[in-house]
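The values are calculated or read from the model by the stated rules, or taken from the named source; none is laboratory data. Since we're looking at a predicted model, the values are computed, not measured. All Cβ positions, glycine included, derive from the backbone under ideal geometry; neighbour counts span all protein chains shown.
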Amino acid sequence: MEFQIGETVTAIYKTGKYIGEISQIRDQHYVVRIKAILKHPQQGDLHNPNQVDVPFFHERKALAFHEQANIPKKMVHLYKEDIPDYKASLKQALQKLMDELSETDTHYSTASLNHLHQLQKEYFPN
């Protein structure tokens, strides 16, 4: 299915899932302007998921409101529901990931939670 500029879609970028609007169409990608977050990106190395003993354990931020991302066409799907508020969706997605990680006691969950707590302070400074 081909989408048109202005259509509302979900887009998976790295390990996060977003709601956005198509802003450009390229050969193999759509450029998606971010409107809300459905799933916060996981922390750590994308090539070694759930591992702590990697050369660099990445802190992965969610894409910002109206940030544009180049998304492979196969990772984009139509979205027909109401678009939630960006800040509220960020808070909900972050809390959901933190809750899931809190259920396990592993080196990975501990390292991820440490990064997420830092991101929480950055996202919501008050």
Original post:
Could you count how many residues in the range 101-121 are closer than 20 Å to LYS87 by Cα and either without any contact (Cβ under 8 Å) to a residue 24 or more places away in the chain or outside any helix (DSSP H, G or I) (or both)?
Top reply: 3
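For the condition surrounded by fewer than 18 Cβ atoms within 10 Å (Cβ to Cβ), in contact with a Phe, Trp or Tyr (Cβ under 9 Å, 6 or more places away or on another chain) and more than 20 Å from GLU7 (Cα to Cα), what is the one hit in ASP53, ASP45?
Numbers: ASP53 fails: in contact with a Phe, Trp or Tyr (Cβ under 9 Å, 6 or more places away or on another chain).
Going through ASP53, ASP45 in turn, just one is surrounded by fewer than 18 Cβ atoms within 10 Å (Cβ to Cβ), in contact with a Phe, Trp or Tyr (Cβ under 9 Å, 6 or more places away or on another chain) and more than 20 Å from GLU7 (Cα to Cα): ASP45.
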Original post:
What are the residues in the range 22-42 that are surrounded by 21 or more Cβ atoms within 10 Å (Cβ to Cβ), of a type outside the set (Phe, Trp, Tyr) and more than 14 Å from HIS115 (Cβ to Cβ), if any?
Top reply: VAL32, ILE34, ALA36, ILE37
**OP:** Please find, among LYS91, LYS87, LYS74, the residue that is assigned to a helix (DSSP H, G or I), at pLDDT 95 or above and farther than 20 Å from GLN120 by Cα.
**Re:** LYS74
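Residues that are of a type in the set (Lys, Arg), under 14 Å from THR15 (Cβ atoms) and in contact (Cβ under 8 Å) with a residue 24 or more places away in the chain: does the range 74-91 have at least one?
Looking only at the range 74-91, we keep the residues that are of a type in the set (Lys, Arg), and these are 74, 80, 87, 91.
Next, from what is left, pick out any that are under 14 Å from THR15 (Cβ atoms): none.
No, because not a single residue in the range 74-91 is of a type in the set (Lys, Arg), under 14 Å from THR15 (Cβ atoms) and in contact (Cβ under 8 Å) with a residue 24 or more places away in the chain.
Could we say that PRO125 is of a type outside the set (A, V, I, L, M), free of Cβ contacts under 8 Å to residues at least 40 places away in the same chain and not in a helix (DSSP H, G or I) here?
Working: of a type outside the set (A, V, I, L, M): yes; free of Cβ contacts under 8 Å to residues at least 40 places away in the same chain: yes; not in a helix (DSSP H, G or I): yes.
It is true that PRO125 is of a type outside the set (A, V, I, L, M), free of Cβ contacts under 8 Å to residues at least 40 places away in the same chain and not in a helix (DSSP H, G or I).
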**OP:** Output the residues belonging to the range 61-82 that are in contact with a His (Cβ under 8 Å, 6 or more places away or on another chain) and surrounded by 14 or more Cβ atoms within 10 Å (Cβ to Cβ).
**Re:** ALA62, ILE71, LYS73
